[in-house]
Structures are given as structure tokens and as C-alpha cells.
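A short worksheet on the structure shown next.
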Amino acid sequence: MYNMIIVEDEKSIRENLQKGILWEKYGFHIVAEAANGEEALEKIEKLHPDVLLTDIKMPFMDGLELARIVHSLYSNIKIVIISGYTEFTYAKEAITIGVEEYLVKPVTPMKVVRTFTNLKQKMDEERQKSESYDAMMTDLIAMEEKLEKYHEMPKIKAEDLIEEGNREEILNYFLQYGKIEDIQEFTEKYIHSCNQSLLNSLLYCSYFLVQTIVICMKTVELLGGNSSDVFVNITDIDSYVSKVSSSEKAEKEIGLVIEKVIEFREKTIDSSSDMVQKAKRIIKEQYTQQNLMIANVAAEIGVSPNHLSCIFKQKTGKGFAKYLTEMRIEKAKELLKNTEFTNAEISEKVGYGNPNYFSTVFHRTVGMTAKEYRES
């Protein structure tokens, strides 16, 4: 079941969308509704839905602007736009932003069902691809008897393989920003973050190692590499788990795996300086464009958005969206101090189609309103 938020300023239409279709029959659960883009952003930040269904014409912030912001901040959310406009320019901009579907009014229940049936199939396929971790863990549990031939250690039940805390998030952070000289200290803390009683189990130590390898593989792919180039014989689990005879051995193997990823990361980043410089140049030249997204920049450079996002943050210390926002706000500050342009005019000149949203971003970034900054 996928969670969804509906955004529509007309209450009657919003209710018809919500009640006129048996959403759960088609795999979707409505977790919230909103009457405008600003209200929608607050609920999206709180609820993190899988899908956003929004009208294009709304007060304060139109559907395209909402889609642009959501895609920038939450690229995993699928966006479906309902519009009364048939002009190609609107549809083209929606595609550029990353909208999954663009439905033109009048929208019949049959058309909505067909659209969301196709969307669910696509999301199911994406989810299936991301379940390699679960599949590998299942394979590992099934190998319990086979593992026992290597060492005699206490056995544990499969249900004991519960991940405590948020170790994956911690490991991901270290893989992206950690230093080679800190690997030993990190690995000690990482492996001892779990239930200590389980470290006496061969099965658990092996599971922990394979879990780490899966996370490391994802990081290598995110950096634009092939995991098979970094991890030799990665499909041969035996070659890894056969080395695990204690938590100390597991710690050593985990440290070696992490070291390989960080070495690959440093090599990749060193060779990616030109790519980041190109991205910065494109941002500087095109920051006034409202539809400037990382997908556009990545396409112009010739790399995937995920790869550029990862490398860009590594090299600059900032995510693409934050870097773009800061550049726009700096330009806005210059215009506020040196020109007589109105806030609405400045908003448009620095790439914000909605003056209200520009004011919100300016205040959040600078700590004062545009008017207060101009008068300071």
C-alpha cells in the first residue's frame, strides 16, 4: 500500500477525488489532503507520502511550483498533476520537473484508475529492485546449517536478526564523509552498536557482515561505480562468511569492506572535480530559471542525477538544492541593496515564480524578511 496526499483548492473536487475512487483497492491510501501548496508542503514534510496528486491551479503556489519544490526536496515522491491546461508548454515543464503523469481535465474515474494502476506497477517494480538487501538476508538465514560447518558457535533464531537503532544511516554517513584513518575507530563503534549477546553467534556475525556489504554496494552504485569492480566474488557469500569465526573477525572483515568503499569514493571524487565545476557553472548561468533541477544539470553533463547529487555534496559540502537556494538568495540580497525592484520582481529574477514562497525561503535563509534586509 502506498501513501498519498491530495492537493486541490476546490473542496468539492477534493472530496470527489478522495471519495469517488476506491483507492485502497488499487493500492493507495490517502493520508492527508490540502487546499494549497503551502499547506501541502507542511504535511509532506511531516508524513513523507509516496505519491502527491495535485491540481495545477491553486492560490499562493501553483501545482508546478509545488511539484518543483517537492521533487527537489523529496525526489522519491511520485507526482501526478491534474490540469485544465492542454498547452504543450505546461506538459513539457511538468516532464522537466519530474512529474510522473499529467492529467488534463475533465478527469474521469476511469482515467484516474488507469493512471494509478500503471503508477503502482512502476512503483512495485522499483520497490522490488530495492529489496536486494532483504533477499540476501533471507538467503543468509537459509544458509544457517551450511554456516555451521565453518565454526561451532551458538545458534540463534532468525527472528533475533533485528536491526537495533539506525545503523544503516550511520554507516551511509561514514561511507560518504568518513576518513580512512578513522575506519578502525568507527568499525569498533559500529559493530558494538548491536546487541552484544548476539555477537557470540556465527549466524548473527555473518548476517551483520553481509548487511554491511549490501549497504556498501549501494554506496558504490550511487558513486557511479559497479559493485563487482570493488568487491571481488561478491556473488559468492561463502568467500566472505567463511572468514567469520568471531566478532573480532567480523569486525576486521567489515573494516576491510568499508576501506574499499572509501578508497573508491576518494578516487571517484578526485576524478570528478571537472563534473562539479561544470555543475556550478550551469547553476550560475541558469539559476534564474524556475525549472532548474538537478535532473536538468545532470542531463547536460551526461551523468545520472543520483551520481551528481552524491559527488556534488562530497565536493561542496552542500546538497544541490541548498547550493542553488543560497546562490539565489545571495543574488536577491544584492538586488535588494542595489536596486529599487519590488520583492515580486526580485523573486522572478532569481528563479522563484511565487513571491510568497520566495519570501518564506528568504526569511528562513537570512533570518529576516526581505524588507527588513533592505532597510538594514
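What to note about this one:
- Exposure proxy order (Cβ contacts within 10 Å, fewest to most) of Ser272, Ser206: Ser272, Ser206
- Residue-wise HN-Hα coupling along the range 255-264, computed from phi with Karplus coefficients 6.51, -1.76, 1.60 (Hz; x: Gly, Pro): x, 5, 5, 4, 4, 4, 5, 5, 4, 5
- Alpha-carbon centroid distance for the pair the range 303-370 / the range 272-296, whole angstrom: 13 Å
- Anisotropy class of the range 1-124 from Cα gyration tensor, a/c 1.5 cut: rounded
- Ranked by how many other Cβ atoms sit within 10 Å of their own Cβ, fewest first, the residues Met1, Met217 fall in the order Met1, Met217.
FYI, it's all coordinate maths here, none of it is from the lab. Bear in mind the structure is a predicted one, so any value in this text is a computation, not a measurement. All Cβ positions, glycine included, derive from the backbone under ideal geometry; neighbour counts span all protein chains shown.
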